[in-house]
Amino acid sequence: MGEPAPDRRPGDRDHSPWNWLLIIPIVLPLITVFYNSSSPDLLGFPRFYWQQLAYILIGVSTTTLVYRTTKRRSSVPRIPASRSNGEG
């Protein structure tokens, strides 16, 4: 397993407001009024099927956005590989 970043302890949680965006891909598919009709078709597929694929894309893009905005960069500078073995 990976080690936590030096500025965080193992039990710390990230309380970023960006995390609230993760509720969108959870709640959006649960709203049943979106499934109430079979039209419009998209490339011959009924609404239900292409809508499920759209929910997957929404979930992936939301998760990626939240991850990239809340990712912490390490404040410890990295030592180049050529200098880490003692050679100068």
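The values are calculated or read from the model by the stated rules, or taken from the named source; none is laboratory data. The structure displayed is predicted, hence computed values, not measured ones. Because the Cβ atoms are built from the backbone with ideal geometry, glycine has one as well, and the counts that use them run over all protein chains shown.
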Practice item. May I ask you to say which residue of Leu28, Leu57, Leu22, Leu43 is modelled with pLDDT of 90 or more and in contact with a Phe, Trp or Tyr (Cβ under 8 Å, 6 or more places away or on another chain)? Key: Leu28
Revision key, fill the gap. Among the residues of the range 60-88, the number that are touching a Ser or Thr at 6+ places or on another chain (Cβ under 6 Å) and at pLDDT below 65 is 0
**Study point:** Output for the range 17-46, where each listed residue is surrounded by 10 or more Cβ atoms within 10 Å (Cβ to Cβ) and part of a loop (DSSP other than H, G, I, E, B)
**Key:** Ser37, Asp41, Pro46
